[in-house]
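Below is one structure, written out as structure tokens; comments come after it.
The values are calculated or read from the model by the stated rules, or taken from the named source; none is laboratory data. Bear in mind the structure is a predicted one, so any value in this text is a computation, not a measurement. Cβ: placed from backbone, ideal geometry, glycine included. Neighbour counts: every protein chain shown. The area values use the complete protein model at the heavy-atom level, side chains included, leaving out ligands, DNA and RNA. Shrake-Rupley method; radii C 1.70, N 1.55, O 1.52, S 1.80 Å.
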Protein chains: 2
Amino acid sequence: MKAYKIPEATVMRLSIYSRYLHQLIDDGVKSVSSDEIAHGVGVSSAQVRKDLAYFGEFGTRGVGYKVEVLYGHLMKILGLDRRWCAIIIGAGKLGSALALYQGFAARGFNVGAILDASPDKIGTKLGEIEVEPLEMMAQRIEEKNITIGIVTVPASAAQEVTDKLIESGVKAILNFSPRVLKVPGNVILRNVDLSVNLEVLSFNLNYLK
Amino acid sequence: MKAYKIPEATVMRLSIYSRYLHQLIDDGVKSVSSDEIAHGVGVSSAQVRKDLAYFGEFGTRGVGYKVEVLYGHLMKILGLDRRWCAIIIGAGKLGSALALYQGFAARGFNVGAILDASPDKIGTKLGEIEVEPLEMMAQRIEEKNITIGIVTVPASAAQEVTDKLIESGVKAILNFSPRVLKVPGNVILRNVDLSVNLEVLSFNLNYLK
DNA sequence: TAATCATTGCTCAATGTTTCACAAAAGATT
DNA sequence: AATCTTTTGTGAAACATTGAGCAATGATTA
């Protein structure tokens, strides 16, 4: 693949463009301009074109983009032309909510297993799938070909389960715990920190006033 | 307050520094250097000092920072030296999980109300608080002095409830729905998009291979 | 009190990202 | 077929963020 370094902000916008295009497909729209996409998702049209330019030329000058074609390209670029299997570690409120969240499956992400350390949680059902003990980690990752680990345990346990996930072969970690995780360079890490998001709001409410 | 524009990345890091300092306080540590903070949270020490420099001089040259003093400053900067009241709209899996999430209260965020449109959800209890109908929005925001609205409804309803929140006096919106929201310039908006985060992982898994 | 030490705060350079502006190109119109 | 209109793709400029290096300076020691 390309040797270019793609800005993360670009990747996030591509994901948002793809969702907007999906909506256009549902609405029966056949063709779209960078300007329309830009308005639809709240960025500039130059930004849209620049983002797309990292990956090729998908439009027709004077005309715009064919919605379905561009959507197809974006899904491929994002790696969403296949299914990914994820494992959730931590069956607390957040882990359970994510396990049951419909939005993931809709975009090609399966939850292959959900594990927890606590005996009261083990054996309970979350939709189709049953909470299992942490000891099942390596086996489930192996047999279900799981590449993504979702960490929703308390901060104190986060590094430990992360290490185990990586040892068991997971290639990417989505971390919801409020803890900075250390992972080897070949493992992809993203943090979603709910408190940080609220605190950015709080800062702005406080600061702009 | 200052006229400077503070980068959002800086604000997010301040939030993370403050959490790290809290941990140090728990461990009984009295003094810390920018280099130690940097290692603790995974950034460069220059970055730490630069971030703090937006707001003043908090350290002592040759010595470092007094942990408690710096923590106090950060909490004040972040607006966390007071309590904020939030309202959650949408009592689905995610809304419920957030309503029950302990992490928010720990940092000074109260959930003052949780509303839903669906009759089967209305009246159910989430911990202390009961799911109420959407019609209660204006009243609850008014009487509980709510400034933050958390949107966890499906994409199709997101703009509508956002408009109502703003009309009812909310000053900031934390949007979990996969929809680009339009808000007036004086309302602060942040988006937490769970699918986008997974898709960035998917992109990287796909692209780096 | 002077010398030494450690670490901040700050300046300036490097890097990364977004915006601007326009040539190029495709289709529509005459 | 020539011209016009529209919108892409892109190079260069503007802007923003991060990183490197060091002078300034408070604490400590002799």
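Under the condition of being within 12 Å of chain A (Cβ to nearest Cβ), more than 14 Å from B:GLY169 (Cα to Cα) and either out of contact with any helix residue (DSSP H, G or I) (no Cβ under 7 Å at 6 or more places or on another chain) or β-branched (Val, Ile, Thr) (or both), the residues counted in segment B:122-150 number 0. A:SER96 falls short on exactly one of the conditions (1) within 14 Å of another protein chain (Cβ to nearest Cβ); (2) in a strand (DSSP E or B), and that condition is (2). Scanning segment B:23-43 for residues that are part of a loop (DSSP other than H, G, I, E, B), over 17 Å from B:VAL69 (Cα atoms) and among the hydrophobic types (A, V, I, L, M, F, W, C) returns a single hit, B:VAL43.
Each row is one residue, and each column tells you yes or no for (1) facing chain A (nearest Cβ under 9 Å); (2) of a type in the set (Gly, Ala, Ser).
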| residue | (1), (2) |
| --- | --- |
| B:TYR101 | yes, no |
| B:PHE109 | yes, no |
| B:ALA113 | no, yes |
| B:ASP120 | no, no |
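Residue under question is A:ALA86, and the condition is that it be of a type in the set (Gly, Ala, Ser), more than 29 Å from A:GLY112 (Cα to Cα) and not in a loop (DSSP other than H, G, I, E, B); does it hold? Walk me through it before giving the result.
Values: of a type in the set (Gly, Ala, Ser): yes; more than 29 Å from A:GLY112 (Cα to Cα): no; not in a loop (DSSP other than H, G, I, E, B): yes.
The answer is no for A:ALA86.
The set of residues in segment B:134-153 that are open to solvent by 50 Å² or more (accessible area, probe 1.4 Å) and without any contact (Cβ under 8 Å) to a residue 60 or more places away in the chain comprises B:GLU135, B:ALA138, B:GLN139, B:GLU142, B:GLU143, B:LYS144.
Looking only at residues in segment B:27-68 that are of a type in the set (Asp, Glu) and within 9 Å of DNA strand C (Cβ to nearest atom), which one is nearest to the other protein chains (Cβ to nearest Cβ)?
Looking only at segment B:27-68, we keep the residues that are of a type in the set (Asp, Glu), and these are B:27, B:35-36, B:51, B:57, B:68.
Still in the list and also within 9 Å of DNA strand C (Cβ to nearest atom): B:35-36, B:57.
Values: B:ASP35: 15, B:GLU36: 13, B:GLU57: 19 Å.
The qualifying residue nearest to the other protein chains (Cβ to nearest Cβ) is B:GLU36.
Check whether at least one residue in segment A:6-17 is near DNA strand D (Cβ under 9 Å from one of its atoms), free of Cβ contacts under 8 Å to residues at least 24 places away in the same chain and touching a helix residue (DSSP H, G or I) at 6+ places or on another chain (Cβ under 8 Å), and report yes or no. Checking segment A:6-17: not a single residue is near DNA strand D (Cβ under 9 Å from one of its atoms), free of Cβ contacts under 8 Å to residues at least 24 places away in the same chain and touching a helix residue (DSSP H, G or I) at 6+ places or on another chain (Cβ under 8 Å). Among the residues of segment A:95-106, those identified as over 18 Å from A:ASN145 (Cβ atoms) and open to solvent by less than 40 Å² (accessible area, probe 1.4 Å) are A:GLY95, A:SER96, A:ALA97, A:LEU98, A:ALA99, A:GLY103. Take segment A:130-154 and flag every residue that is in contact with a Ser or Thr (Cβ under 6 Å, 6 or more places away or on another chain) and part of a helix (DSSP H, G or I). Hits for segment A:130-154 are A:MET137, A:ALA138, A:ILE141.
With (1) touching a helix residue (DSSP H, G or I) at 6+ places or on another chain (Cβ under 8 Å); (2) in contact (Cβ under 8 Å) with a residue 12 or more places away in the chain as the list, and B:ALA99 as the residue in question, which single condition is left unmet? All conditions pass for B:ALA99, except number (1). Among the residues making up segment A:177-209, a single one is within 8 Å of chain B (Cβ to nearest Cβ), among the small types (Gly, Ala, Ser) and free of Cβ contacts under 8 Å to residues at least 12 places away in the same chain: A:SER202.
Out of contact with any Lys or Arg (no Cβ under 8 Å at 6 or more places or on another chain) and within 21 Å of A:GLY42 (Cβ to Cβ), is that true of B:ALA117? Walk me through it before giving the result.
Numbers: out of contact with any Lys or Arg (no Cβ under 8 Å at 6 or more places or on another chain): yes; within 21 Å of A:GLY42 (Cβ to Cβ): no.
Against the criterion (out of contact with any Lys or Arg (no Cβ under 8 Å at 6 or more places or on another chain) and within 21 Å of A:GLY42 (Cβ to Cβ)), B:ALA117 does not qualify.
Out of B:SER177, B:SER195, B:SER202, B:SER168, report the one residue that is open to solvent by 30 Å² or more (accessible area, probe 1.4 Å) and at negative phi.
On the way: B:SER177 fails: open to solvent by 30 Å² or more (accessible area, probe 1.4 Å); B:SER195 fails: open to solvent by 30 Å² or more (accessible area, probe 1.4 Å); B:SER202 fails: open to solvent by 30 Å² or more (accessible area, probe 1.4 Å).
Sole residue among the options that is open to solvent by 30 Å² or more (accessible area, probe 1.4 Å) and at negative phi: B:SER168.
Checked against (1) within 13 Å of DNA strand C (Cβ to nearest atom); (2) more than 10 Å from every other protein chain (Cβ to nearest Cβ); (3) part of a loop (DSSP other than H, G, I, E, B), B:TYR4 meets all criteria but (2).
Counting only residues that are part of a loop (DSSP other than H, G, I, E, B) and open to solvent by less than 50 Å² (accessible area, probe 1.4 Å), which one in segment A:110-129 is nearest to A:GLU142 (Cα to Cα)? Before the answer, list the steps.
Taking segment A:110-129 first, the residues part of a loop (DSSP other than H, G, I, E, B) are A:117-124, A:127-128.
Filter once more, so that each one left must be open to solvent by less than 50 Å² (accessible area, probe 1.4 Å): A:118, A:123.
Working: A:SER118: 23, A:GLY123: 21 Å.
This residue is A:GLY123.
Report, by residue number, each residue of segment A:26-41 that is away from DNA strand D (no atom under 13 Å from the Cβ) and surrounded by 14 or more Cβ atoms within 10 Å (Cβ to Cβ). A:VAL41, the sole residue that qualifies. If you go through segment A:52-78 and pick out every residue that is farther than 24 Å from A:ASP193 by Cβ and either open to solvent by less than 20 Å² (accessible area, probe 1.4 Å) or touching a residue at least 12 places away in the same chain (Cβ under 8 Å) (or both), you end up with 18.
Kindly indicate which of B:GLY185, B:GLY169 is assigned to a loop (DSSP other than H, G, I, E, B) and at pLDDT 95 or above.
B:GLY169
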